[in-house]
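These notes concern the structure reproduced below.
The values are calculated or read from the model by the stated rules, or taken from the named source; none is laboratory data. Note that the structure is a prediction, hence the values are computed from the model and not measured. All Cβ positions, glycine included, derive from the backbone under ideal geometry; neighbour counts span all protein chains shown. Areas reflect the complete protein model, heavy atoms only, side chains present, ligands, DNA and RNA absent. Shrake-Rupley method; radii C 1.70, N 1.55, O 1.52, S 1.80 Å.
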Amino acid sequence: MNALSALISQSIFFLLSTTGAFTQSAAATPPSTSPNIEVIVEADRNAAALLVFLRHIPTSGVQIYLEDLRGTHLLHETVNDRPSAAKRYQLQHLPPGTYRLRLDDEYREIYQPLKFNGRSVTILEQQRTIRHKPQIALDQRQLRVLLPNQSTAKVHIAIVDAENNVLYRERHRIQGPFRKTYALDQFHRGTYAIQIRTEGKTYAKSFTLHH
């Protein structure tokens with residue numbers, strides 16, 4: 001084990017293409033957001049270490065990453081067996097510089113920048129950012145989508161089959177939360193995926209129609 005491994009998105013609608021086997025509906029209620037995970041990040045004043053306190057961890061768990069500014073993972077840990085946790089990460093093996101702690105759960109990504117001077121850690125609290133993930137739920141043959149976005153953003157949505165053939169594609173420019181329900185009545189049985197690209201990231205979720 002090396003030193004680093006020891007660390008531990010209504011809308012302006014624009015339809016691009018459709019196969020004709022796709023309808024839209026506003027009948028179903030889109031999924032809602034979950035209670036926020038509580039995150040406290042502190043510097044250990046007595047050591048070159050980082051303290052992370054978590055509450056209300058989703059049952060699906062949370063991924064914890066420490067990254068450099070290029071996005072290289074220096075630490076990765078999964079916490080999924082408890083509703084709260086306290087973690088301590090030693091940073092003394094890292095070179096001085098700016099890093100970010102990223103916490104990734106089913107609903108959001110939290111980015112907390114920090115500086116390490118070789119001896120102590122400074123948490124850049126005012127630079128913390130939160131990115132909310134699209135929420136997708138299949139209710140029989142209705143696919144409900146919620147993008148709990150709080151700013152203006154471009155959104156590209158596509159539905160593909162198991163061979164990654166695009167069956168439906170659209171794009172939006174949204175401002176604030178975006179909700180939409182897609183009726184899949186004319187889709188055959190099989191496995192599909194919805195792909196949502198916004199703010200430079202692509203989110204995908206597969207789903208299966210059984211009848």
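Miscellaneous remarks
- Count of segment 200-209 residues which are within 17 Å of Arg108 (Cα to Cα) and either touching a His at 6+ places or on another chain (Cβ under 8 Å) or surrounded by 15 or more Cβ atoms within 10 Å (Cβ to Cβ) (or both): 2
- Of the residues Arg173, Arg197, the single one that is touching a His at 6+ places or on another chain (Cβ under 9 Å) and either aromatic (Phe, Trp, Tyr) or part of a strand (DSSP E or B) (or both) is Arg197.
- Test: residue in segment 95-105 that is over 19 Å from the mean Cα position of the chain (by Cα), among the hydroxyl-bearing types (Ser, Thr, Tyr) and not in a strand (DSSP E or B): no
- Filtering segment 156-170 to residues that are outside any loop (DSSP other than H, G, I, E, B) and out of contact with any Asp or Glu (no Cβ under 9 Å at 6 or more places or on another chain) leaves Ile159, Val160, Asp161, Val166, Tyr168, Arg169, Glu170.
- For segment 106-136, a tally of residues being open to solvent by less than 20 Å² (accessible area, probe 1.4 Å), part of a strand (DSSP E or B) and more than 19 Å from Arg45 (Cα to Cα) returns 4.
- Among the residues of segment 140-154, those that are open to solvent by 70 Å² or more (accessible area, probe 1.4 Å) and either touching a Ser or Thr at 6+ places or on another chain (Cβ under 9 Å) or closer than 18 Å to Tyr192 by Cα (or both) comprise Gln140, Lys154.
- Within segment 54-78, residues that are open to solvent by less than 60 Å² (accessible area, probe 1.4 Å) sit with their Cβ atoms under 8 Å from residues that are in a loop (DSSP other than H, G, I, E, B) and β-branched (Val, Ile, Thr), at 6+ positions apart or across chains, in these pairs: Leu54/Ile37; Ile57/Ile37; Pro58/Ile37; Val62/Ile37; Ile64/Ile8; Leu66/Ile8; Leu75/Ile8; Glu77/Ile8.
- Taking residues in segment 162-173 that are over 12 Å from Arg197 (Cβ atoms), and partners anywhere that are open to solvent by 100 Å² or more (accessible area, probe 1.4 Å) and assigned to a strand (DSSP E or B), the pairs with Cβ atoms closer than 6 Å and at least 6 places apart or on different chains are Arg173/Ile12; Arg173/Lys154.
- Members of segment 169-192 found to be surrounded by 15 or more Cβ atoms within 10 Å (Cβ to Cβ) and under 23 Å from the mean Cα position of the chain (by Cα), listed by number: Arg169, Glu170, Arg171, His172, Ile174, Pro177, Phe178, Arg179, Lys180, Thr181, Tyr182, Tyr192
- Residue list for segment 79-93, restricted to those being open to solvent by 50 Å² or more (accessible area, probe 1.4 Å) and in a loop (DSSP other than H, G, I, E, B): Asn80, Asp81, Arg82, Pro83, Gln92, His93
- Screening Thr72, Thr33 for residues that are of a type in the set (Val, Ile, Thr), under 18 Å from the mean Cα position of the chain (by Cα) and modelled with pLDDT under 50 leaves exactly one candidate, Thr33.
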